[in-house]
Amino acid sequence: MGQSFPKVKIIAVGKVKKGWLKDGIGLYAQRLPEVALLEIKDTEPETEARKVLESLKTYDKLVVLSEDGLQFDSVQFGHWLGQEASGTLVFFIGGPTGVSQHLKQTAYQVMSLSAMTFPHEVARLLLLEQLYRGKTILQGGSYHK
């Protein structure tokens, strides 16, 4: 029997416009029914930060995605997810103008998907894929192999 997968919410700035990205995001969203996805309007980092902070509930753990954050490999990320099974992990993907420094300082964790920089739409797909991979690692599934 595998470890528990935490409740997850993804808050992402802007709408996904490219069809191939919508398809990929839709595929992983179907595979991860326990993950909620919320889009907020693309404004400026401080306004986006305020919206994110206002949306958090008492037991939410904010994880801000930023290229300068902590990096995991997929297995480490899966195990980290298993250790975070209480409360809700709220991942924030900023827009093209970046993430507020205040939001990074307030976050439970600042995490990087890669040392490389990706468009925020691509980061959404990559995060969902890694969440699915992490879930299968926790459950001992074959997807990661």
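Computed from the coordinates by the stated procedures, all read-outs in this text should not be read as laboratory data. Remember, predicted model here, so these are calculated numbers, not experimental data. Counting neighbours? That spans all protein chains shown, and the Cβs are built from the backbone with ideal geometry, glycine included.
Brief remarks on what is shown
- Residue check for Val52: in contact with a helix residue (DSSP H, G or I) (Cβ under 9 Å, 6 or more places away or on another chain), within 17 Å of Lys9 (Cα to Cα), among the β-branched types (Val, Ile, Thr) and surrounded by 19 or more Cβ atoms within 10 Å (Cβ to Cβ): yes
- Once segment 55-79 is narrowed to residues that are more than 17 Å from Leu138 (Cα to Cα) and among the hydroxyl-bearing types (Ser, Thr, Tyr), the residue that is surrounded by the most Cβ atoms within 10 Å (Cβ to Cβ) is Ser66.
- Residues that are surrounded by 16 or more Cβ atoms within 10 Å (Cβ to Cβ) and assigned to a helix (DSSP H, G or I) occur in segment 103-110; there is at least one.
- Here Arg133 clears all of (1) in contact with a helix residue (DSSP H, G or I) (Cβ under 6 Å, 6 or more places away or on another chain); (2) surrounded by fewer than 16 Cβ atoms within 10 Å (Cβ to Cβ) except the condition numbered (2).
- Top-ranked residue of segment 80-102 - restricted to ones that are surrounded by 14 or more Cβ atoms within 10 Å (Cβ to Cβ) and assigned to a helix (DSSP H, G or I), ranked as farthest from the chain's Cα centre (by Cα): Gly82
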